[in-house]
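Everything on this sheet refers to the single structure shown next.
The values are calculated or read from the model by the stated rules, or taken from the named source; none is laboratory data. Owing to the predicted nature of the structure, the values given are computational and were not obtained by experimental measurement. Quick reminder, even Gly has a Cβ in these numbers, built from the backbone with ideal geometry, and neighbours come from all protein chains shown.
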Amino acid sequence: MPTVRRLAWVWLGVIAIALPGCSGVYYAGLEKIGIPKRDVLETRVESAQRAQVDVKEQFRSALDRFRATVKVDGGELEERYDTMRDELERCEKRARELKDRIDAVEDVAEALFDEWEEELNQYRRADLREASARRLAETRRRYQPMVKAMRRAEKRVQPVLEALQDVVLALKHQLNAKVIGQLQGELNNVEREVESMIEAMNRSIAEANQFLGDLNKPLEQ
């Protein structure tokens, strides 16, 4: 990407963050420098994919810390609590980032589809209008399973967060060997929740790869 366009992305991104609800201004600014909503959608889908990978890695890290907390003998219980609290905070941060990025995908997709629908009326030739309408319908059809998979994966994050929150609270309120023994039973539950979440993330990432691959394919006649 040329330097001017790269700087424009950064500058307009700052505006979008600083002025909530002004996505129309943001997209208009990008259009003026030759970046259409279609490119923004592609970029945001890729960004959401990266956020899903980050979530998987962070929650795996938290699970590893949890295993060490309940299975490794020795060490200060307060240190274990501090470690799990920090892991929880990082998990919560990654979860918020994932939600924000999926929200951003939906925002630009809605803007793109609305604009596309309106512009169909600007065609003078019926054959070109019909071809564009088919392309719009096909893009929407391919988009829907992808964004639904993203939301399903996002929903799998909350049960893991809740389980980790319980672990951290238990450590905070009862810093002794007894609570460590009690948490060993919870480990299996957390492991199942993390595995379920990772599977959902992998399916979502695959759906996004499919959508990105199809986005610029010629429409079959």
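For the reader, a short list of remarks on this structure follows.
- Cβ-Cβ under 7 Å pairs, at least 6 apart or on other chains, segment 27-39 side within 16 Å of ALA104 (Cβ to Cβ), far side surrounded by fewer than 16 Cβ atoms within 10 Å (Cβ to Cβ) and modelled with pLDDT under 85: ILE35/ARG5
So that you can scan it fast, the table gives a plain yes or no per residue for (1) more than 27 Å from ARG142 (Cβ to Cβ); (2) among the acidic types (Asp, Glu); (3) at pLDDT below 95; (4) not assigned by TED's automatic domain parsing to the domain that holds GLU207:
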site	(1), (2), (3), (4)
VAL10	yes, no, yes, yes
GLY21	yes, no, yes, yes
TYR27	no, no, yes, yes
ARG85	yes, no, yes, no
LEU98	no, no, no, no
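- There is at least one residue in segment 108-131 that is outside any helix (DSSP H, G or I), farther than 21 Å from ASN209 by Cβ, among the basic types (Lys, Arg) and out of contact with any Lys or Arg (no Cβ under 8 Å at 6 or more places or on another chain).
- Criterion: surrounded by 16 or more Cβ atoms within 10 Å (Cβ to Cβ) and more than 30 Å from ILE35 (Cβ to Cβ) - qualifying residue of GLU162, GLU193: GLU193
- Complete set of residues in segment 169-182 that are surrounded by fewer than 19 Cβ atoms within 10 Å (Cβ to Cβ) and modelled with pLDDT of 75 or more: LEU169, ALA170, LYS172, HIS173
- Here ASN216 clears all of (1) surrounded by 13 or more Cβ atoms within 10 Å (Cβ to Cβ); (2) more than 30 Å from ARG85 (Cβ to Cβ); (3) not charged (D, E, K, R) except the condition numbered (1).
- The listed residues are ARG142, ARG134, and the only one of them that is on the phi < 0 side of the Ramachandran plot, in contact with a Leu (Cβ under 7 Å, 6 or more places away or on another chain) and in a helix (DSSP H, G or I) turns out to be ARG134.
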